[in-house]
1. For Leu105, Leu130, Leu205, what ranking results if the residue with the fewest other Cβ atoms within 10 Å of its Cβ goes first?
2. Exposure proxy check: Phe74, Phe148, Phe96 ranked by fewest other beta carbons within 10 Å?
Amino acid sequence: MLYTLVALVVVIVAAFIAFRALKILWLSSWFMGWVKGMFGLSLLALGAAVGVVAYDIYSYKQILVGQPVATINFETIDDQYFDAVVVDANGKQQRFSLYGDQWQLDARIIKWQGYFSGFDIKPAYRLDRLSGRYYDLHKETTEKRSNFSIVKSPLQLDVWRLVHEYAEWFSVLDANYGTARYLPMKHGALYEISLTNIGLNVRPLNDVASNAMSEWK
């Protein structure tokens, strides 16, 4: 009982000291200026973060089923080493160097579900990764691999990853990968990539690509 009373007295003294300190700080103009400055900086940082998130969302496009979203063509650099040129639907061109015999393209897809699925809102997509692999299992596990991001989220503020990893927070959204099957890389081969609601569809655009696909079947 004695120790409880002593502790209570100490708490009262501590509270009184804290109250007096806060009162002095509150009446000090520099303290109010510091509070306002920190609040302003916090709002500025929040505004910048929201702007970056908006830019990340802007990088996603609405899926138009059956419409091409990119083309990819290959040129041989060396044995099992290819120069891949990806051109998206807006005409933006990117060049990657891939090791291996086959290539694969991944896209991120965001769908509306639950109540919002009834509004016929089309899913959104963003081209994500381009990778190469060796047909030979030993080389696949021992040789140099290649894996590239086509579009990167600025400052690591990744909306898709947030929705994907914390699905319970975003019950109206579904974030998943759409992936094309591995297809052969060959000098001069040209492919067209289109999206469906569930993934990627690839078709050859020239005889080189058609023959390459036939050889791998």
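Each reported figure results from applying straightforward, stated rules to the coordinates on display, with no laboratory input. This is a predicted model, so every value here is computed, not measured. Methodologically, a virtual Cβ is constructed for each residue, glycine included, from the backbone with ideal geometry; neighbour enumeration extends over all protein chains shown.
1. The fewest-first ordering by Cβ neighbours comes to Leu205, Leu130, Leu105.
2. Phe148, Phe96, Phe74
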